[in-house]
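Asker: Would you mind keeping the following structure in view while I ask a few things?
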Amino acid sequence: MKTRVVVIGAGIGGLTSAALLAARGADVTVLEKESWVGGKARRVIVDGAEIDGGPTVFTYRQVFDEVFAACGARLEDHVSITRADVIARHAWDASGHLDLHADRKRSIAAVDAFAGAETAEGYRSFTAEAKRIFDVLEDPFLRGDKASTPLPMIWRMGPWRIGDAMAMRPFDGMWKALGGHFTDPRLQQLFGRYATYCGSSPFAAPATLMLIAHVEAQGVWLIEGGIHALAKAIAGLAQQHGARVRTEAPVAEVLTANGRASGVRLASGGVIPADIIICNGDPGALAAGHLGDAAIRAVPAIPPAKRSLSALVWYAHAVTEGFDLTHHNVFFSRDYAREFREIGEGRAPSEPTVYVCAMDRGASDRAARPSGLRERLQIIVNAPANGDVHHYTTEERARCTHAMIATLKRCGLELEEAMPHQLMTPQDWERLFPATGGALYGRASHGWAASFQRQGPKTRLPGLYCTGGATHPAAGVPMAALSGQLAARVIAKDRALTKPSRPVATAGGMSTRSATTGSTG
């Protein structure tokens, strides 16, 4: 008899687990409460234009190559993907900008031209250290089993590699470590920003997170249709192996029998029996009782003080002038410490750092630019995860928009007035992802032990597992996929699922229409 698997939530982690387990012969059903697959990786309609509604940066491609290969497919046969020449464009004022490139030599030359030979040498030493940290951690941590302390991970590495273990710099702060490479505060700020990729402050995160810069330097890829297209492709992969993917099918309760998970009750009242249940959502929703009383004690609750960052996100369709945008752009505040201090105090930053994804700008830094036409933009500002306790009034939303526009204007980018847009606040994220306060990355990676406190695939309730960007190993699109791989591997071992199945064509069963929004002022 096939192992019956129910996946609650169709985010990247859950879809990855579903595809891999279906390919191993399990009977898989994915249940998604929204009308789309992808979780945060959705599409939003503003002014008639489809805009990426979630993550926009795609790195660590080999993880997805492995997922598709394990299912007898190739990533490039399911999505249109191009490597970007420019990783990102960075600006601090209107006097110029700094590009980081897919070609390391071009990046070194760009840093030299922007900030001088000493800073370029600091960039060389920084990238070398970031690579070493990544090389040390990739197998035992990023791809390894969940450990509650560093000791099992160090044991897997081998006691003779204690030098490598210390090279991870778990007890050093990221901001201070960056100061050892860069005397120019702009470069310290640029690479400190990588802590925000997992929802953390560069002033509280460990130096270990410098590895994120290496992951990005290995390649940033642009997918036609955005990360949502990738999610749809993974869902399709699962369906080809017989999985059923149901949208608009919210789960009300995890059911138990004989001390283990036994199925789920839908909000509509229906019951689906299961041998294995995978929760692809923030574990906080389990602990808060959003999936019934039986699952409350399955995972520990995340205290609000331990939450990752949330975000203010504008989905805009606008004419831009002045600054020469590429696909990924960052406009920095003048006082980074004050910015994160304000967030730590529960306030939106008064002068924020602003990320702009210009979706209609191509992979090449020589690509044609839209002229006089509206283009699709996703604009992000870090914010506190207080969406469950703080109401964002019309006045506060307008104030946040004004602060964002002021940063862009100071750096030379003009947005058309009264541009069609929708603004998502932490309060809106809390509505989409309950029990999080709007935290978009699970637990913040603050302090040396934080990464080991993330929820792993196994829970205290037998038969119930977790996956997704809020679980081990970390937040982000490739890390969510790694969590999906880990959950599938642990479940396959627990259930002795060893024989891959042959692909089976199925007739759809998935709704993927975009989340439709109106324009707001």
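Asker: Considering only DSSP beta bridges where both residues belong to the chain, give the percentage that are antiparallel (nearest 5).
Answerer: Numbers: 49 of 72 bridges.
Of the beta bridges lying entirely in the chain, close to 70 percent run antiparallel.
Asker: Oh, and also: Along the charge dipole of the chain, which of Asn280, His446, Pro434 sits closest to the positive end, that is, farthest toward it, with unit charges on the beta carbon of Lys, Arg, Asp and Glu (+1, +1, -1, -1)?
Answerer: Asn280
Asker: For the stretch 229-239, in order, what is each residue's ³J(HN,Hα) by Karplus, 6.51 cos²θ - 1.76 cosθ + 1.60 with θ = phi - 60°, in whole Hz (x at glycine and Pro)?
Answerer: 5, 5, 4, 4, 5, 5, 4, x, 4, 4, 5
Asker: For the chain, what percent of Cα pairs sit more than 37 Å apart? Display every interim value, and only then the final one.
Answerer: On the way: 34862 of 135460 pairs.
Summing the P(r) of the chain above 37 Å gives 26 percent of all pairs.
Asker: Roughly how tilted is helix 104-115, in degrees to the nearest 10 and between 0 and 90, from the longest Cα axis of the chain?
Answerer: 40
Asker: I'd like the distance between the alpha-carbon centres of the stretch 451-471 and the stretch 212-232, rounded to an integer number of Å.
Answerer: Each part reduced to its Cα centre gives a spacing of 25 Å.
Asker: For the chain, what number of Lys pairs, 8 or more residues apart or on separate chains, have alpha-carbon atoms under 24 Å from each other?
Answerer: 19
Asker: What residues have an amide H closer than 5 Å to that of Gln455, excluding those fewer than 5 places away on the same chain, when H is modeled at 1.01 Å from N in the peptide plane?
Answerer: His472
Asker: Now for a separate question. Output the 0 to 90 degree angle, nearest 10, between the alpha-carbon long axis of helix 12-23 and the longest principal axis computed from the alpha carbons of the chain.
Answerer: 40
Asker: Arrange the peptides 268-274, 379-385 so that the one whose residues have, on average, the most other Cβ atoms within 10 Å appears first.
Answerer: 379-385, 268-274
Asker: Measure nothing fancy, just the Cα-based angle from helix 61-70's long axis to the longest principal axis of the chain, in degrees from 0 to 90, nearest 10.
Answerer: Result, in degrees: 20.
Asker: When only Cα pairs under 8 Å and 6 or more residues apart are kept, what is the percent relative contact order across the chain?
Answerer: Working: 1223 pairs, mean separation 133.1, N = 521.
Once divided by the residue count of the chain, the mean separation gives 26 percent.
Asker: Another question, then. In a shell of Cβ-Cβ distance under 12 Å around Pro457, excluding Pro457 itself, what net charge do Lys and Arg (+1) and Asp and Glu (-1) give? Show your work: numbers first, answer last.
Answerer: Values: positive: Lys146, Arg454, Lys458, Arg489, Lys493; negative: Asp145, Asp494.
Summing Lys and Arg as +1 and Asp and Glu as -1 gives +3.
Asker: Please list 238-251, 296-309 highest first by mean number of surrounding beta-carbon atoms within 10 Å per residue. Each step should come with its number before you reach the end.
Answerer: Details: 238-251: 21.4, 296-309: 18.4.
Ranking the peptides 238-251, 296-309 by packing returns 238-251, 296-309.
Asker: Report, to one decimal in Å, the Kirkwood hydrodynamic radius for the stretch 1-100 based on all distinct Cα pairs. Write out the running numbers ahead of the final one.
Answerer: On the way: mean 1/r = 0.0605 Å⁻¹.
By the Kirkwood definition, the hydrodynamic radius is 16.5 Å.
Asker: Same structure again: Does the stretch 192-272 come out rounded, prolate or oblate, given a ≥ b ≥ c as the square roots of the eigenvalues of its C-alpha gyration tensor, rounded meaning a/c under 1.5 and, failing that, prolate meaning a/b above b/c? If you can, show how the numbers build up before the last one.
Answerer: On the way: a/c = 3.09, a/b = 1.68, b/c = 1.84.
Oblate is the answer for the stretch 192-272, as a/c is 1.5 or above yet b/c matches or exceeds a/b.
Asker: What is the spread of the Cα atoms of the stretch 305-432 along each of their three principal axes, largest first, in whole Å?
Answerer: That works out to 45, 28, 25 Å along the principal axes.
Asker: Right, another one. Can you give me the Cα centroid spacing of the stretch 171-185 and the stretch 40-90 in angstrom?
Answerer: Each part's Cα centre sits 31 Å from the other's.
Asker: Given only helices, namely DSSP H runs of n ≥ 4 each adding -39500 (n - 2.57), what is the per-residue ellipticity at 222 nm of the chain, to the nearest 500 deg cm²/dmol? If you can, show how the numbers build up before the last one.
Answerer: Working: 15 runs with 162 residues, N = 521.
It lands at -9500 deg cm²/dmol.
Asker: Can I ask one more? For the stretch 305-432, what is the charge dipole size about the Cα centre, in debye to the nearest 20, if Lys and Arg each add +1 at the Cβ and Asp and Glu each add -1 at the Cβ? Don't jump to the answer; show the numbers that get you there.
Answerer: Working: 16 positive and 18 negative charges, 51 e Å.
Around 240 debye, computed over the stretch 305-432.
Asker: Based on the mean of other Cβ atoms within 10 Å per residue, sort peptides 419-427, 183-191 so the most packed one is first. Provide the component values of the computation, followed by the final result.
Answerer: Numbers: 419-427: 21.2, 183-191: 19.7.
Result, highest mean first: 419-427, 183-191.
Asker: Quick one: plug the Kirkwood hydrodynamic radius of the stretch 81-137 (C-alpha pairs) into Stokes-Einstein at 20 °C, 1.002 mPa s, and report D in µm²/s.
Answerer: 173
Asker: Additional query: Which ordering of Trp429, Trp448 is given by a fewest-first count of other beta-carbon atoms within 10 Å?
Answerer: Working: Trp429 24, Trp448 17.
Lowest count first: Trp448, Trp429.
Asker: Using the Cα centre as the reference, give the magnitude of the dipole from point charges on the C-beta atoms of the chain (Lys, Arg: +1; Asp, Glu: -1; all else neutral), rounded to the nearest 20 debye. Show your work: numbers first, answer last.
Answerer: Details: 57 positive and 51 negative charges, 362 e Å.
Magnitude of the dipole: close to 1740 debye.
All of the numbers you see were taken from the coordinates with simple rules; none came from a lab. What you are looking at is a predicted structure, and each value in this text was computed from that prediction instead of being measured. Every residue, glycine among them, receives a Cβ derived from its backbone with ideal geometry; neighbour counts consider all protein chains shown.
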